[in-house]
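Read through the structure below, which is laid out as structure tokens, and then see the notes.
The values are calculated or read from the model by the stated rules, or taken from the named source; none is laboratory data. The model shown is predicted, which means the values in this text are computed figures rather than measured ones. So basically every Cβ, Gly included, is an ideal-geometry build from the backbone, and we count neighbours across all protein chains shown. These area figures cover heavy atoms from the full protein model, side chains too; ligands, DNA and RNA do not enter into them. Shrake-Rupley method; radii C 1.70, N 1.55, O 1.52, S 1.80 Å.
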Amino acid sequence: MVLHGVGIDVVDVTRISWLLEAQGGRFATRWFTPEEVAACDSEPDRSRAFAERLAAKEAVWKALGVGGLSSPVPWRQIAVRSVDAPVVLTGGLADAAAGLGPIHLDWVSVDGVSVAVAFVETGSAG
């Protein structure tokens, strides 16, 4: 495997809980796809679920290294699904990442903190 980039992010679950209460659906719809919102809302600890996905999105963004986009970070263009098929890129972000290899992602939550790490391979072994 030849690495294109690595990203790591940490999210405080308590802060996400506060954002969900203070902003209601605005926070969720700004940062997450409808499918992600539905998945998080179905979890027993929805704050933890949102924190894990947010950490994962940040880690993927960092690992992609496509910061040259001319607009704000397109958070809803990074869809975090499951461990089996973790990430789907759409829109301009998918175009910017064209030619890169697979994205590997994992996350965990411990003691009120969600941590995610992402690795993006290059498009070829050269």
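Accessible area per residue of the chain at 1.4 Å probe, in Å²?
Details: 6660 Å² over 126 residues.
Result: 53 Å² per residue.
What percent does the relative contact order of the range 1-118 come to when contacts are Cα pairs within less than 8 Å and at least six residues apart?
Value for the range 1-118: 38 percent.
What's the magnitude of the charge dipole for the range 1-99 around its Cα centre, counting Lys and Arg as +1 and Asp and Glu as -1 at the beta-carbon? Answer in Debye, nearest 20.
The dipole magnitude comes to about 220 debye.
At GLU43 and THR122, where each label point lies 7 Å from the Cα along Cα→Cβ, what is the point-to-point distance in nanometres?
Going by the 7 Å Cα→Cβ label model, 3.5 nm.
Leaving out ligands, DNA and RNA, what percent of the accessible area of the chain is carbon and sulfur, probe 1.4 Å?
Reported share for carbon and sulfur atoms: 54 percent.
Projected onto the charge dipole of the chain (+1 at Lys/Arg Cβ, -1 at Asp/Glu Cβ, origin at the Cα centre), which of GLY101, THR33, VAL2 gives the Cα projection farthest towards the positive end?
THR33
With θ set to phi - 60°, apply the Karplus curve 6.51 cos²θ - 1.76 cosθ + 1.60 along the range 11-27 and write out the HN-Hα couplings as whole Hz, x wherever there is a Gly or Pro.
Values, residue by residue: 10, 7, 4, 4, 5, 5, 4, 4, 4, 5, 6, 6, 9, x, x, 4, 4 Hz.
Want the number for ARG30 to THR90: 0.36 nm per residue separation, take away the alpha-carbon distance, what's left?
Separation in residues times 0.36 nm, less the Cα-Cα distance, equals 20.0 nm.
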